[in-house]
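Report on the structure given below.
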Amino acid sequence: MLGLAVQNRKSNTLIPIIREQILPKSIIYSDQWKAYESISSLPEKYQHYTVNHSKQFIDKRTGCNTNSIESI
């Protein structure tokens with residue numbers, strides 16, 4: 001659901017939305033926002049790849065990047 005407005009960017013707000021909107025076992029690419037830390041340990045068994053934007057825009061090890069979605 002693109003364009004979903006949220007009250008805040010805290011984990012207790014974002015994680016329930018992720019669990020509701022993203023199918024189990026999906027691959028999730030994100031930056032390293034603290035609220036996303038628990039994604040890979042959720043019971044839905046998401047594969048969670050991250051990129052640290054303070055160091056790079058594409059993770060050289062995994063190829064993870066969020067450039068396309070962030071440009072939308």
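None of the figures in this text is laboratory data; all of them are computed from the coordinates on show. Predicted model, so just to flag it, every value in this text is computed and none were measured. Cβ atoms come from the backbone with ideal geometry, glycine included; neighbour counts cover every protein chain shown.
Suppose the chain between Leu4 and Glu44 were pulled fully straight at 0.36 nm per residue; how much longer would it get relative to their current alpha carbon spacing?
Values: separation 40, 0.36 × 40 = 14.40 nm, distance 2.12 nm.
Gain on stretching Leu4 to Glu44: 12.3 nm.
Determine the calculated [θ] at 222 nm for the chain from helices alone, applying -39500 (n - 2.57) to every DSSP H run no shorter than 4 residues and normalising by the residue count; nearest 500 deg cm²/dmol.
It comes out at -6000 deg cm²/dmol, rounded to the nearest 500.
Short version: ³J(HN,Hα) in whole Hz for each residue of the range 50-65, in order, from phi by Karplus 6.51 cos²θ - 1.76 cosθ + 1.60 (θ = phi - 60°), x for Gly and Pro, what are they?
10, 10, 9, 5, 6, 10, 6, 9, 10, 5, 5, 6, 10, x, 4, 8
Among His53, His48, what is the fewest-to-most ranking by other Cβ atoms within 10 Å?
Starting with the residue having the fewest Cβ neighbours, the order is His53, His48.
Roughly how big is the chain's charge dipole about its Cα centre, with Cβ charges of +1 (Lys, Arg) and -1 (Asp, Glu), in debye to the nearest 20?
Approximately 160 debye in magnitude.
Would you pull out the residues with amide H under 5 Å of His53's amide H, same chain only if 5 or more places away, H placed 1.01 Å from N?
Counting only residues 5 or more places away or on other chains, the set is Gln32.
Using +1 at the Cβ of each Lys and Arg and -1 at the Cβ of each Asp and Glu in the chain, identify which of Ile27, Ser40, Thr13 lies farthest towards the dipole's positive end.
After comparing all options, I get Ser40.
Arrange Leu42, Leu14, Leu23 by Cβ neighbour counts within 10 Å, fewest through most, would you?
By the 10 Å Cβ count, ascending: Leu23, Leu42, Leu14.
Can you list residues from other chains, or at least 5 along the same chain, whose modelled amide H is less than 5 Å from the amide H of His48?
The list, which skips near neighbours in sequence, is Ile28.
What are the ³J(HN,Hα) values, in whole Hz, obtained from phi via the Karplus relation 6.51 cos²θ - 1.76 cosθ + 1.60 with θ = phi - 60°, for each residue of the range 35-48 in sequence order, with x given for Gly and Pro?
5, 8, 3, 8, 3, 5, 9, 6, x, 6, 6, 5, 8, 10
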